[in-house]
Amino acid sequence: MAREVIVVGAGPVGLMTAGELRLRGVDVVVYERLPAPTRQSRGASFTKRTAECFDQRGLLDRLGATEPADSHFGGLPIDLGMLAEDHYGHRGVSQFRTERMLEDWVGELGVPVLRGREVTALRQSDDEVVVSVDGPDGAAGESAAYLVGCDGGRSTVRRLAGIAFPGTDGRRGFLTADVTGIDTRRRRIGEDLPGGSMVMAMDLENGVTRVVVHEAGTPPPRDRDAIAFADLADAWQRLTGESIHHGQCRWISCFTDASRAAAEYRRGRVFLAGDAAHVQPPAMAQGLSVGVQDAVNLGWKLAATVQGRAPEGLLDTYHAERHPVGEQLARNARAAIELRLTGEDMDPVREVVGELLTHKDAAEYAAGMLSNLGVRYDLAKGDHPLLGRRMPPETALALPDGGRVRVAELLRSGRGLLLTSDAATARVADGHTDRVDVVTATVDTAPGVPAAAPLDAVLVRPDGYVAWTAPGTAEDLAQALDCWFGSGHRPSSRPRPKGWGPRPDCQDLS
């Protein structure tokens, strides 16, 4: 029997995508090439916005204790303490730990994660996507209404779909390892050394130290499989004078400063998310984070489409909203690498950028890019500062019974959310209550929202972004509801729409 959605890749992005779909009742399966979860941990932190995405689904507490992550651009620190809103990310969280948490979640939701399955071919028609899969029992063909490629920077799905991957090739090589038994000085955001070299040492859990080395002039390695811990330890000693040769290496890898973004995040019934859609050097520590946000953006839109509730053109907004983020990420990562590793010739630029970052406005802009709190989509008419931005999950709401609740807690179901204390405004959503929760409440505190911009009523998409606010009219609210959640009636069947194109009334909202 054909699935509704196939997700390729069981990393954090693939698992988050599958969970978002299953949360809304979609029949989804995950295919993973590797036969078992790997203990490799390429990602070791995530941004403030990604923490909010986890919180919106009740997942953040499952990760246990984390540490606040410092912020920097190209090694130049940003004082987050001067900002009105909390921009601190979370560090010291191994990717393995995040994957394990997400796999437990999707398991509870009933998503099958099938390992040892490698997608080798792909074709799509107007009605379905068909993939060839090599698995433990040999080759087989599987079909689905849609396919999401979350299979990394060397994405097979991207290649088979014929999607271009423009960007820059890597010129520098970096070595990274997780090591136990060493007591080197911690360099959490990295330490820049003369001539364009850099070393980093950061604590992970259970006595593990994440070590990264770039020795100026080192090109990308030709044979990744030939890398040994001795290569990293030798370079570390040359650069710092310290020996870490006695350490026990749990995992070693390499990366480059290549930076790319897919030309299309969607081609027909095939989508890309995470590293399959964008790769960049980990100077910004954002690859995993931006990928998880891709998944949260795509999941509710694809679920609505599968269930026949989506307004025309909704799926196209995935590329429209997330592709600029991926391109900005690639650009910023290139800039940060050049700023950090070009050598003494870059010193005047470093001085200028460092001075700019001491000013609140510049620091807030840079921190917004790095935390992903600065993301703003072109969603609706109006001039409220929250329109198109994420609704701060820590926003406290006062309920009629005297209780209080955070917005994040109201987004756990993955549905839309209309907050209002006005009965007439609430009635506008009467035809959408099968997909939008209407909550009678008043805003108590809203972090980062100016007092001059009250939130008397607000419509929040399932991914946490604001699509309408009062004092917009009832007509504007009705239009926003139709634009993002479909017409105000529940369909009796679950057709798979064809012929996607922009809807005029949605265009009017931009």
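The values are calculated or read from the model by the stated rules, or taken from the named source; none is laboratory data. Keep in mind that what you see is a predicted model, and the values were worked out from it rather than measured. Backbone-built Cβ (ideal geometry, glycine too); neighbour counts: all protein chains shown.
Values computed for the structure shown
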item	result
Qualifying residue in segment 430-443 (condition: without any contact (Cβ under 8 Å) to a residue 24 or more places away in the chain, of a type outside the set (D, E, K, R) and not in a loop (DSSP other than H, G, I, E, B))	yes
Segment 139-197, residues that are of a type in the set (S, T, Y) and either modelled with pLDDT under 95 or more than 30 Å from E20 (Cα to Cα) (or both)	T168, T176, T180, T184, S197
Flag if E103 is acidic (D, E), surrounded by fewer than 17 Cβ atoms within 10 Å (Cβ to Cβ) and assigned by TED's automatic domain parsing to the domain that holds D275	no
Where a residue in segment 264-279 is closer than 10 Å to F165 by Cα and its partner, wherever it lies, is of a type in the set (F, W, Y) and buried (at least 24 other Cβ atoms within 10 Å of the Cβ), with Cβ under 7 Å and at least six apart	A277/Y265
Subset of segment 42-67 [surrounded by fewer than 17 Cβ atoms within 10 Å (Cβ to Cβ), at pLDDT 95 or above and either assigned to a loop (DSSP other than H, G, I, E, B) or assigned by TED's automatic domain parsing to the domain that holds D275 (or both)]	G58
Exclusive hit being over 30 Å from Y318 (Cα atoms) and in contact with a Ser or Thr (Cβ under 8 Å, 6 or more places away or on another chain), set A230, A235, A226	A235
Pair list, Cβ under 6 Å, 6 or more apart: segment 229-258 residue modelled with pLDDT of 95 or more and surrounded by fewer than 19 Cβ atoms within 10 Å (Cβ to Cβ), other residue among the polar types (S, T, N, Q) and assigned to a strand (DSSP E or B)	Q248/T180
Selection count where residues are part of a loop (DSSP other than H, G, I, E, B), touching a Gly at 6+ places or on another chain (Cβ under 7 Å) and more than 18 Å from A44 (Cα to Cα), scope segment 183-224	7
Strands (runs of 3 or more DSSP E) wholly inside segment 233-316 that include at least 2 residues being under 18 Å from the mean Cα position of the chain (by Cα) and either of a type in the set (K, R) or within 20 Å of E4 (Cβ to Cβ) (or both)	270-272
Residue in segment 187-222 that is surrounded by the most Cβ atoms within 10 Å (Cβ to Cβ), counting only those that are of a type in the set (D, E, K, R) and within 27 Å of the chain's Cα centre (by Cα)	R210
Criterion: of a type in the set (D, E) and in contact with a helix residue (DSSP H, G or I) (Cβ under 7 Å, 6 or more places away or on another chain) - qualifying residue of E20, E32, E85, E67	E20
Yes/no for G152 being of a type in the set (G, A, S), more than 15 Å from V5 (Cα to Cα) and free of Cβ contacts under 8 Å to residues at least 24 places away in the same chain	no
Identity of the residue in segment 13-41, of a type in the set (G, A, S) and within 30 Å of R309 (Cα to Cα), that ends up surrounded by the most Cβ atoms within 10 Å (Cβ to Cβ)	A18
Residue within segment 111-128 that is buried (at least 19 other Cβ atoms within 10 Å of the Cβ) and of a type in the set (D, E, K, R) present	yes
Some residue of segment 319-340 being farther than 16 Å from L83 by Cβ, assigned to a loop (DSSP other than H, G, I, E, B), in contact (Cβ under 8 Å) with a residue 12 or more places away in the chain and out of contact with any Ser or Thr (no Cβ under 9 Å at 6 or more places or on another chain)	no
Qualifying residues in segment 324-339 (those that are buried (at least 19 other Cβ atoms within 10 Å of the Cβ) and touching a His at 6+ places or on another chain (Cβ under 9 Å)) - the one nearest to G74 (Cα to Cα)	A336
